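Written below as structure tokens is the structure these notes are about.
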Amino acid sequence: AQRKTPRPDSEKRTLISVCLSVCVGEAKQSKAMEYSEEEEEGEGYDPSYVPEPVKSFVVHLYRHIREKNVYEIHQMYETSFKTLSEHFFKEKAWPCVEAVAEYVDNDHVFCLLYREMWFRHLYARLNPTLNHRIHSWDNYCTLFQVVLHGVVNMQLPNQWLWDMVDEFVYQFQSFSQYRAKMKTKTDHEIALLTQHDQAWNVYGVLNFLQALMEKSSIVDILQQEKEGHQQFTATDGYDYSGGSNVLKVLGYFSMVGLLRVHCLLGDYQPGLNSLLPIDITQQGVYTSVIGSHIATIYHYGFAKLMLRRYVEAIHEFNKILVYIYKTKQYHQKSPQYEQILKKNEQMYALLAICLSLCPQHKLVDETVNSQLREKYGEKILSHPPHPSYDEPLVNYNQDAYRLQLKLFLYEVKQQQQLSVVRTFLKVYSTISVAKLASYMEVDEFTLRKTISNADIDFYIDDALIHVVESKTPKLYGDYFLRQIVKLEAVIGDMDRVKLE
């Protein structure tokens, strides 16, 4: 088989570096200008000023939470908060909690929830200062302590509860990177970091997620559901008997949060173990929120990839990519749409890596395969390159990512022999072990130890290798599905055209 002309190392490693860096090393960037404490108090922003629409929003949200009106809470959380943010707070923070407390009876729990949204908006639109990061940690600690040890008589939308866990892990990741950039730190910042050394500590983050999972008894609940004694999934985690869903659903989503944190730390098996109570082959509460669904499969697949369980990773990536392809037009108006598209691209990159290391195209839907060829066709066809281990470690905040990348590239080097085996087996219908060993320049014993789980079926009869020819049947349904989706997109574009 002909090999393609080798590419420069830097170009060859792009595919691997892109998705690994996103998963384990790079937090999302803020979307606007630098936001300092001086600007909080400066001209143009009065943290105590509450516009009338914001006052009405706070009052009604508080009332709906007290009444456990999940539908109205969801509408206000997903739509009204976004609309008000666009109109009043596009480049500044919402009013401080002290300014709105009087309109909600100074309710302690509501104020904690409001501050959780306040900080999330700040992280998304502006650049948080060190004080913001520390205060957000304190707010999460207080909020989770109330959920763990208090009496929380609320029903909150799954979307909000997922966002709490997702943002909690994201802010931990963001703080870890911020803290590691020591060159830009002032003496004041270093003093603050020293004083608040427990803020966003990895053990604190893991302990909170573990405590929420254990206190909620979610593992027992899911087990009882399998035995027919619970209806947790059937009700999407909500309690229609008048109770609260907050602790149970937070505990449920915390299992996904633990998987994500362990992936960041490079502890892939413990991360997968934390997800064991959730059967990801079935619909579950994690699929009730599109962000949770994608994040679960993304990190599950990433962990499987890093543990060399490529077939399992390919299977799950294929399923979620087909799902996104079929449903993404329904999420275009969702606040999560941009993140859905971003994760979609990242999972195609991860799938491309899996297929380049362990070709399994029979497992990939034709729709996904078509998209994959467009995005990474040439890269998948090329053999895994010899990696370079001499890249200098420049930034302390990138050490975790670089370490995982280095380990992964070492694994790529080990996988190179398998791609060569596959190449020869595609050429021959039968070949002796001795002949194949000579082609590969290894001894027969070493060759027999080489295990391939690629999409080539073969068996060894004594000293002869027999390749089983298999033809993939054409799936006409996939072709028609792609044409239907394209037609729907054209019809949607036509509907948006304004005729004069």
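The values are calculated or read from the model by the stated rules, or taken from the named source; none is laboratory data. Since the structure is predicted, the reported quantities are computational estimates derived from the model, not experimental observations. Here Cβ is always computed from backbone atoms with ideal geometry, including for glycine, and neighbour counts include all displayed protein chains. We work out accessible area using only protein heavy atoms, side chains counted, and drop any ligands, DNA or RNA first. Shrake-Rupley method; radii C 1.70, N 1.55, O 1.52, S 1.80 Å.
Whose amide H sits under 5 Å from the amide H of ASP236, counting only residues 5 or more places off or on another chain, with H placed in the peptide plane?
Hits under the 5 Å cutoff: none.
Name the residues whose placed amide hydrogens come within less than 5 Å of the amide hydrogen of ASN127, ignoring near sequence neighbours (fewer than 5 apart) on the same chain.
TYR35
Percent of accessible area on segment 66-184 owned by carbon and sulfur, 1.4 Å probe? Present the calculation step by step, with values, prior to reporting the outcome.
Numbers: 2410 of 4810 Å².
Looking at segment 66-184 in its full context, I get 50 percent from C and S.
Ordered by residue, what ³J(HN,Hα) values in Hz, to whole numbers, does segment 266-275 give under the Karplus form 6.51 cos²θ - 1.76 cosθ + 1.60, where θ = phi - 60° and Gly and Pro are x?
x, 9, 6, 5, x, x, 5, 4, 5, 8
Checking the a/c ratio against 1.5 first, then a/b against b/c, what shape does the Cα gyration tensor give for segment 286-383?
prolate
Is segment 30-183 best put as rounded, prolate or oblate by its Cα gyration tensor, with a ≥ b ≥ c the root eigenvalues, rounded for a/c under 1.5, and otherwise prolate when a/b is larger than b/c, oblate when not?
oblate
Using modelled amide H (1.01 Å from N, peptide plane; none on Pro or chain starts), what sits under 5 Å from the amide H of LEU464, excluding residues fewer than 5 places away?
Placed amide hydrogens put VAL433 under 5 Å from LEU464.
First compute the accessible area of segment 208-352 with a 1.4 Å probe, then give the percent of it belonging to carbon and sulfur atoms. If you can, show how the numbers build up before the last one.
On the way: 2890 of 5790 Å².
The C+S portion of the solvent-accessible surface of segment 208-352 is 50 percent.
Residue-wise, which Karplus ³J(HN,Hα) couplings in Hz belong to segment 364-370, taking 6.51 cos²θ - 1.76 cosθ + 1.60, θ = phi - 60°, and x for glycine or proline?
Karplus values, whole Hz, x for Gly and Pro: 9, 4, 4, 4, 5, 4, 4.
Quick one: what are the phi-derived ³J(HN,Hα) couplings along segment 235-249, Karplus 6.51/-1.76/1.60 with θ = phi - 60°, whole Hz, x for glycine and proline?
9, 6, x, 7, 10, 8, 8, x, x, 10, 9, 4, 5, 4, 6
Local charge sum around ASP105 (other residues, Cβ-Cβ under 11 Å, Lys/Arg +1, Asp/Glu -1)?
Working: positive: ARG63, ARG66; negative: GLU102, ASP107.
That works out to 0.
Treat every Asp and Glu Cβ in segment 243-389 as -1 and every Lys and Arg Cβ as +1, leave all other atoms uncharged, and give the resulting dipole magnitude about the Cα centre to the nearest 20 debye.
Taking the Cα centre of segment 243-389 as origin, the dipole is about 120 debye.
Quick one: which of LYS304/LYS342; LYS55/LYS92; LYS328/LYS375; LYS82/LYS342; LYS333/LYS362 span more than 25 angstrom between C-alpha atoms?
LYS333/LYS362
If you project the alpha carbons of segment 328-376 onto the principal axes, what extent comes out on each, in Å, largest first?
Here the spans come out as 36, 17, 17 Å, largest first.
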